[in-house]
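Everything on this sheet refers to the single structure shown next.
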Amino acid sequence: MDVYDAVYRMVADYKLNVRGKRVVLKPNLVEFDSATAINTHPLVVHAAYEAFRKLGAADVGIAEGPGHRRGTLDLADAAGYFSTIPASKISSPISIPTPSQSAIFRIPFPS
């Protein structure tokens, strides 16, 4: 089983109704150091992107705002996001109105 199958199965097991909805993935880019794993691997993020699209999401975006020293796009590039994920798969930025607190929910994934 590859990472795409594993992530799809994990997301599908939660039976989320994402059909027709917008999904935003936040990969938690913190900093980049080529000698260690600090960030979510780009293939895992791309696998999640593909899984939500396969489950019928109308739009899947990848959004980030690292709180450390680098700009978001520079950090994503250094971490391998642009060389790993085809540019055609990277959604254009979307505008999401601030939802009410009751509309925000987190999905805990097993460690």
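Laboratory data are not the source of any read-out in this text; all were calculated from the coordinates shown. Small disclaimer: the values here were computed from a predicted structure and weren't measured. With ideal geometry, Cβ positions are generated from the backbone for all residues, glycine too; neighbour counts draw on all protein chains shown.
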(message) What does the extension gain come out to for Arg9 and Ala37, with contour length at 0.36 nm per residue minus their alpha carbon separation?
(response) 7.7 nm
(request) Would you mind checking which residues have amide H under 5 Å from Val24's amide H? H placed 1.01 Å from N; only 5 or more apart, or other chain. (result) Gly61
(message) Between Leu16 and Val44, how high is the FRET efficiency from 1/(1 + (r/R0)^6) when r is the Cβ-Cβ distance and R₀ = 25 Å? Nearest 0.05.
(response) 0.90
(request) Report the full-extension gain for the segment Ser83 to Arg53: residue separation times 0.36 nm, less the Cα-Cα distance, to one decimal in nm. (result) 8.7 nm
(request) List the aspartates and glutamates whose Cα lies under 14 Å from the Cα of Lys54, skipping any in the same chain that are fewer than 8 positions away. (result) Asp5, Asp13
